[in-house]
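Take a look at the structure set out below.
The values are calculated or read from the model by the stated rules, or taken from the named source; none is laboratory data. Computed from a predicted model, the values in this text were never measured in an experiment. Glycine gets a Cβ as well: all are built from the backbone with ideal geometry, and neighbour counts include every protein chain shown. For the accessible areas, the whole protein counts, side chains as well, though only heavy atoms, and no ligand, DNA or RNA atoms are used. Shrake-Rupley method; radii C 1.70, N 1.55, O 1.52, S 1.80 Å.
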Amino acid sequence: MRLTKNRTRRAASGLIVDYLGTGVNQVLSFLVTPVLISLLSPSIYGFWIIVTQIIFWLGLLDGGVGIYLIKAIASSKEKEDPSHLSNSVSTCFWIYVFLAVVVACIGMIIAPFLPGWVKIEAAHYGASMLAFQIAVITASISLILISTFYAILQGYQQIALVNIIINSVGIANLLFAVVLLKLGFGIEAMAWAQLVTTFSGGMVAFLFARRLGSFSLSPRFFQLTELMQVFRYTFFFQMNKLAFLVDTYSDGILLAGSLGTTSVTSYTLTHKLPQTATSFLTKVGGALLPGLADLFAKKDYESLQRVFLRLTRLLLRFGLLALVLILALNEQFVSIWISRDMFGGFLLTALFAYIMFFNSIIRNIATFFFSSGQLVVWGWLSVVFAVVKIALTIILLPQLGMLAPVIGTIVGGLPLGIYTPIKISSMLRLNWKIFIRDSVLPVLIRSVPTVLAIITLYILIPSSWRWLGLGLIGLGGLIANTVIFDKQLWREGYMRLKAYRGPSA
């Protein structure tokens, strides 16, 4: 019981810290983005988005080695074998060193061609290429420092600490970039800020990791047998990562090649609110991964079933709330935040909202695959998703423009959406009818009053109220949701307040 409580406490504290840090980062991003666009121009800002997306693609070479390391640390704790820990850490570290060299080489080869491919003005060629080269160096450093030492901290379930470092790096990156832009550095400011803050975050993670576990990075602990285990585990994880990158970081690249970088800025700004909701909702699964790995190692299927049912109820509840709020607020949000000209349209918003809801469910419950290692079918379906999305996007771009990538995402994700909950229910020995009855239907029915409340507020509150109006609609929807879903908590709170006030009340 103590271990269970400790596991839950670590996951909950990590999630709370992550939410707080992400909230600060998102608020800061909302405040800073208009400044960045004004200092860079919509076209150059769009180019930086393309740079970050290409860097994430180069990160595909990671292959899930960090996830393997988390599982290996959990295993070494059970065995209480320091040499086993050093073997795992050293092997993964030197794999990352090799991958960092590969990333650097590929990035430097791409650099001279990128500004021309995305149609950057000739006057900005040199600065754009330098910014990309610095970003490539940052990606290489990140593979060695971030991937290794963040994974070690997560393996020891120091989730809150990892999230503090990650969010601190994000905040520092944004602020440092603004300072450098004000000093006249141009697009290179974005790259230099990223390099400095990423390296600093990696070194902090290294220092904390050294205090937690007794391990060595010496090449003499590199094990070929461990290397083969890494490759066997990461093969199917790599497929999933491919799907994630295609889903998240291919749209801008494809749009830029067809419509130019300004369209990327409009697409990204319209996506900002759905993406923010996704970033909050999809964090739950990552916080649960170390604890789920322990439960699978112990074959505690009863606890796994409880976690799965509670998780899906939570995700459905807040996913539906976010979906309705995005549909109601996104156009006015983009218009007030940046400009009505930058809004991509209601249909694009509706498709983004659906993808947000889909990802908030599927990405989170897919953690059960990662923590159990049962990734074969999921991996192949991820490849199917990637192929279908890219093909449909390329085919539909000339006719549908910015709608093409999201339609490709929706169609390509259908097999994953059907397979994932059914397979996890089977894997946990949970009858899928119980899953529908106990998790899905109750949430759908109890969400109806929330939807009606948001629609009513949207009709009654005038658009001239601007940010105040958006805040009132969002707050009203959240209050309605908590009243319906958390009636017992409200009742208990009222009874405690009544008891505190005493007979004189």
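Applying the criterion of being polar (S, T, N, Q) and out of contact with any Leu (no Cβ under 7 Å at 6 or more places or on another chain) to the residues of the range 22-41, the residue that is modelled with the lowest pLDDT is THR22.
Among the residues making up the range 373-389, those that are open to solvent by 50 Å² or more (accessible area, probe 1.4 Å) and either over 30 Å from LYS298 (Cα atoms) or among the polar types (S, T, N, Q) (or both) are GLN374, VAL384, VAL387.
Report, by residue number, each residue of the range 469-492 that is loosely packed, with under 13 Cβ neighbours inside 10 Å and in contact (Cβ under 8 Å) with a residue 60 or more places away in the chain. Selection gives nothing. Restricting LEU321, LEU309 to those that are assigned to a helix (DSSP H, G or I) and open to solvent by less than 20 Å² (accessible area, probe 1.4 Å) reduces the list to LEU321. Within the range 317-335, the only residue that satisfies the criterion of being farther than 19 Å from TRP467 by Cβ and charged (D, E, K, R) is ARG317.
Out of curiosity, is TYR19 within 25 Å of PHE149 (Cβ to Cβ), surrounded by fewer than 20 Cβ atoms within 10 Å (Cβ to Cβ), modelled with pLDDT of 70 or more and among the hydroxyl-bearing types (Ser, Thr, Tyr)?
yes
Here are SER142, SER128: which of them is in a helix (DSSP H, G or I), of a type outside the set (Phe, Trp, Tyr), under 25 Å from TYR68 (Cα atoms) and modelled with pLDDT of 85 or more?
Exactly one of SER142, SER128 is in a helix (DSSP H, G or I), of a type outside the set (Phe, Trp, Tyr), under 25 Å from TYR68 (Cα atoms) and modelled with pLDDT of 85 or more, namely SER142.
Only one of the listed residues (ILE134, ILE106, ILE110) is open to solvent by less than 40 Å² (accessible area, probe 1.4 Å) and out of contact with any Cys (no Cβ under 6 Å at 6 or more places or on another chain). That residue is ILE134.
Conditions tested, residue by residue: (1) at pLDDT 85 or above; (2) of a type in the set (A, V, I, L, M); (3) surrounded by fewer than 18 Cβ atoms within 10 Å (Cβ to Cβ); (4) more than 21 Å from PHE30 (Cα to Cα).
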site: ILE336; (1), (2), (3), (4): yes, yes, yes, no
site: LEU348; (1), (2), (3), (4): yes, yes, no, no
site: MET356; (1), (2), (3), (4): yes, yes, no, no
site: ASN364; (1), (2), (3), (4): yes, no, no, yes
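If the condition is being modelled with pLDDT under 85, among the aromatic types (Phe, Trp, Tyr) and surrounded by fewer than 24 Cβ atoms within 10 Å (Cβ to Cβ), then the range 145-184 contributes only TYR156. Within the span defined as the range 69-91, every residue fails to be assigned to a helix (DSSP H, G or I), over 18 Å from SER218 (Cα atoms), open to solvent by 60 Å² or more (accessible area, probe 1.4 Å) and at pLDDT 90 or above.
Checking each residue in the range 190-228 for being more than 30 Å from TRP48 (Cα to Cα), within 27 Å of the chain's Cα centre (by Cα) and surrounded by 17 or more Cβ atoms within 10 Å (Cβ to Cβ) picks out PHE208, ALA209. Say whether the condition of being part of a helix (DSSP H, G or I), open to solvent by less than 70 Å² (accessible area, probe 1.4 Å) and over 24 Å from GLY345 (Cβ atoms) is met by at least one residue in the range 399-416. The answer is yes, given that some residue of the range 399-416 is part of a helix (DSSP H, G or I), open to solvent by less than 70 Å² (accessible area, probe 1.4 Å) and over 24 Å from GLY345 (Cβ atoms).
In the range 258-271, of all residues being open to solvent by less than 30 Å² (accessible area, probe 1.4 Å) and assigned to a helix (DSSP H, G or I), the one that is modelled with the highest pLDDT corresponds to THR270. Restricted to the range 417-437, and to residues there that are under 20 Å from PHE358 (Cβ atoms) and among the small types (Gly, Ala, Ser), the residue that is least open to solvent (accessible area, probe 1.4 Å) is SER425.
Summed over the range 102-125, residues that are more than 30 Å from ALA209 (Cβ to Cβ) and either of a type outside the set (Lys, Arg) or part of a helix (DSSP H, G or I) (or both) total 16. Assess whether ARG466 counts as being basic (Lys, Arg), loosely packed, with under 15 Cβ neighbours inside 10 Å, modelled with pLDDT of 90 or more and in contact with a helix residue (DSSP H, G or I) (Cβ under 8 Å, 6 or more places away or on another chain). Spelling it out, ARG466 is indeed basic (Lys, Arg), loosely packed, with under 15 Cβ neighbours inside 10 Å, modelled with pLDDT of 90 or more and in contact with a helix residue (DSSP H, G or I) (Cβ under 8 Å, 6 or more places away or on another chain).
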